[in-house]
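Visitor: One structure is given below, represented as structure tokens, and several questions about it will come after.
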Amino acid sequence: MSSEPTSPASLLLGVCDYPEHVSPALWADFARQQRELGLSFVRLAEFAWSRMEPRAGEYDWAWLDEAIRVAADAGLKVVLCTPTAAPPAWLVQAHPDVLPVGRDGRVKTFGSRRHYDPASPVFREHSRRITRALAERYGQHPAVIGWQTDNEFGWGDTAQTYSPAAQDAFRMWLEARYGTLDALNEAWGNVFWSMEYSDWAQIPLPGQAVAACSPSHTLDFMRFTSGLMASFQAEQVDILRECSPGRFVTHNFMGFFSAYDHYELSEGLDFASWDSYPTGTLTAIDEWQVLAPEVAVTYARTGHPDITAFNHDLYRGLTRRGHWIMEQQCGQIDWAPSNPLPATGAVELWTAQAWAHGADGVAYFRWQAATMAQELLHSGLLRHDGTPDRGYTEVQGIDPAAYPLAPVANRVALLHDYESLWAYNAQPHASGMNYWAQTFAYYRALRALGVDVDIVHPDSDLGGYGVIVAPALTVMTPQRAGHLTEAATHAKVVFGPRTALRGRSGRAQDGGGFGPLSALLGARPLNFDSLPNGLEQAVMLADRTYAARLWAESYDPQGADTLATYAGGPLDGQAAVIRHGNVTVIGAHSVTLISSILTELLEEAGIEVTPLPEGIRLSRRGDLTLVQNWTAHAVTWQEQELAPVSSRVLTPAMVSR
Ligand code: GAL
């Protein structure tokens, strides 16, 4: 435990606190305990609109002045939140049209949070007003180091809005994008099922029709709603920049959330943050079927190392300027189907992993467990009775100085693109096969080989990478193809199935096949096979047989070499993996096959491969290597005794020994 202020040269630890939830008589003691615990900042004022402005236009800052003063006096820095995720009841009563409308057309009511429509001009005005009032009051406060906009945009299925205001705005957005209805009808392929429009006013929001709307319609709606969320946030960011110069502005995103383009929402931020709840995020695997059920049980108390690491790497890559964990699980949560107590040691394990994957700040959620309302069963560092809970004891043992801040410099990139995700998932075609399942299979294979990965946008700078994997890049434009062709001059590039299936509109490529990527791949796709659970397709690579699950796609190699071939079934004898110069395409979904091919390519590129035992993971930051044991038993690895659920930071000398 460190009682001195944390040096900015090492990981900043903090906590999410809600002083308005407890008696002011406790505040000074809480702040003192927070400092004694080695924390250097508190995140305040999230959701506190009804206390900041109890009635329209009547502000009450006395309590927040005092809460910030108490924190500052104790030596804590403050991260403030705009409170817009929780519009007060008076606002909703006065302007019911600020409420969001769900996919089913029903207006969502007041009574929890995120009950606002980002398309509502009235709500946007109030959002700007409360943001300005807050930022003018505290923007220059010496203790305030940064801002969080709102909270978890899109939580509770609120990223897509189906209000009349959204309907109007969507039509205007389409008109600006396409100019004419002919162009829109052509781009969406509306001749199919007589879906052609002769008036902009005929265009509905997708998701409410008898069956699924055209994937092109859906893709544009996702682009539109993503832009809407981004512009909602940008209004707050502009005000914060104006009134609070020199402070960072970030947002706390959610793990694997996909309902907007996180690159777009991160554009105006200093860095992205995310909220890490490893035992809860583990449940996402149910939908993907990527981990066997017994594996999910093995990791029930820690979460799966690669699932949490994937999100660190994704959020670090949004701005490529580091990232924070704005809410770090520190005990049991309350929102997954089951909420086991984390293993002893899990809080330190998660904190160390976050650091190694590039986090510069970690805030535990939350200080004291809420004694009321929706999250009464959720833990905090303190129990309901104010005594230290399990997480507190663990944080006491964490020395932030052990985690110096240094750049993360990786040689392997995984390309991630939300437009491809939306197009992929609009027509999954195989139960259990979706964008994340396909993408995560590659990530998992790389991590099990001891490789560190940057997750970056396909159109971003790809210089410096030796291996680039693009597991699910299904939307391909000529510009993107040109960029990837250039990247393939210096890197080994690996594509997965459904690559370049669609152009920007979501239609198949003009002329079919790989479209603008055809020359780079030197081949053409033939067939794809959707495999129900239990049905496998054999693949032969050299003299080894692999089993493809969920998806098998075949190619006519044309100018490319065939590396692996399907054996048996309708694809018998057809190419499953092809290689054309620096570029490889893997059509079969098999983690072991992917792993074999990646191993060779990594070695060709001179990138060290260290196959790791189950639950052991390596992560590098600066010149330090973090080795972690995520299993519940001791493991001996390379002569190191790794206790259950534990971490060790290795210096370069220790690694080369
Ligand atoms: C997050 C949210 C927090 C709290 C937490 C509970 O989604 O940002 O306010 O609800 O989950 O785990």
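The values are calculated or read from the model by the stated rules, or taken from the named source; none is laboratory data. Just so it is clear, the model here is predicted, and its values are computed rather than measured. Glycine gets a Cβ as well: all are built from the backbone with ideal geometry, and neighbour counts include every protein chain shown.
Each row is one residue, and each column tells you yes or no for (1) out of contact with any Asp or Glu (no Cβ under 6 Å at 6 or more places or on another chain); (2) closer than 19 Å to residue 145 by Cα.
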residue	(1), (2)
41	yes, yes
51	no, no
63	yes, no
67	yes, yes
73	yes, yes
87	yes, no
91	yes, no
107	yes, no
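Visitor: Which fully enclosed helices (runs of 4 or more DSSP H) of region 332-436 have 3 or more residues being touching a strand residue (DSSP E or B) at 6+ places or on another chain (Cβ under 6 Å)?
Guide: 346-356, 418-426
Visitor: For residues that are of a type outside the set (A, V, I, L, M) and not in a helix (DSSP H, G or I), scanning just region 69-83, find the one that is farthest from the ligand (Cβ to nearest atom).
Guide: Top of the filtered list is 75.
Visitor: Tally time: how many residues in region 23-49 are within 16 Å of the ligand (Cβ to nearest atom) and either touching a residue at least 40 places away in the same chain (Cβ under 8 Å) or more than 21 Å from residue 273 (Cβ to Cβ) (or both)?
Guide: Total meeting the criteria: 6.
Visitor: Looking at region 52-68, can you tell me whether even one residue there is at pLDDT 95 or above, part of a loop (DSSP other than H, G, I, E, B) and touching a strand residue (DSSP E or B) at 6+ places or on another chain (Cβ under 6 Å)?
Guide: Checking region 52-68: not a single residue is at pLDDT 95 or above, part of a loop (DSSP other than H, G, I, E, B) and touching a strand residue (DSSP E or B) at 6+ places or on another chain (Cβ under 6 Å).
Visitor: Look through region 143-169, keep the residues that are over 22 Å from residue 42 (Cβ atoms) and in contact with a Leu (Cβ under 6 Å, 6 or more places away or on another chain), and return whichever of them is nearest to the ligand (Cβ to nearest atom).
Guide: Only one residue tops the list, namely 162.
Visitor: Report those strands (runs of 3 or more DSSP E) wholly inside region 476-564 carrying at least 3 residues which are of a type outside the set (S, T, N, Q), within 17 Å of residue 583 (Cβ to Cβ) and assigned by TED's automatic domain parsing to the domain that holds residue 445.
Guide: Ranges flagged: 492-495, 551-556.
Visitor: Then there's this: Could you say whether any residue in region 118-138 is within 16 Å of the ligand (Cβ to nearest atom) and either within 13 Å of residue 158 (Cα to Cα) or part of a helix (DSSP H, G or I) (or both)?
Guide: Among the residues of region 118-138, not one is within 16 Å of the ligand (Cβ to nearest atom) and either within 13 Å of residue 158 (Cα to Cα) or part of a helix (DSSP H, G or I) (or both), which makes the answer no.
Visitor: Working only within region 92-117, note down all residues that are touching a residue at least 40 places away in the same chain (Cβ under 8 Å) and farther than 18 Å from residue 156 by Cβ.
Guide: 97 - this is the single residue of region 92-117 that is touching a residue at least 40 places away in the same chain (Cβ under 8 Å) and farther than 18 Å from residue 156 by Cβ.
Visitor: A further question follows. Between a first residue in region 187-198 that is farther than 16 Å from residue 177 by Cα and a second residue that is among the acidic types (Asp, Glu), which pairs have beta carbons less than 7 Å apart while being 6 or more apart in sequence or on different chains?
Guide: Sorted first by the residue in region 187-198, then by its partner, the pairs are 190/196.
Visitor: Say we look at region 316-344 and pick out the residues that are more than 10 Å from the ligand (Cβ to nearest atom) and of a type in the set (Val, Ile, Thr); which of these is farthest from the chain's Cα centre (by Cα)?
Guide: For region 316-344, the residue satisfying everything is 344.
Visitor: What residue, among those in region 302-315 that are away from the ligand (no atom under 16 Å from the Cβ) and in a loop (DSSP other than H, G, I, E, B), is modelled with the lowest pLDDT?
Guide: Here the answer is 304.
Visitor: Can you name the residue in region 250-299 that is modelled with pLDDT of 95 or more and among the aliphatic types (A, V, I, L, M) and, of all such residues, is farthest from residue 532 (Cα to Cα)?
Guide: 269
Residues checked against (1) away from the ligand (no atom under 16 Å from the Cβ); (2) under 13 Å from residue 316 (Cα atoms); (3) of a type in the set (Val, Ile, Thr):
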| site | (1), (2), (3) |
| --- | --- |
| 232 | yes, no, no |
| 239 | yes, no, yes |
| 249 | yes, no, yes |
| 280 | no, no, no |
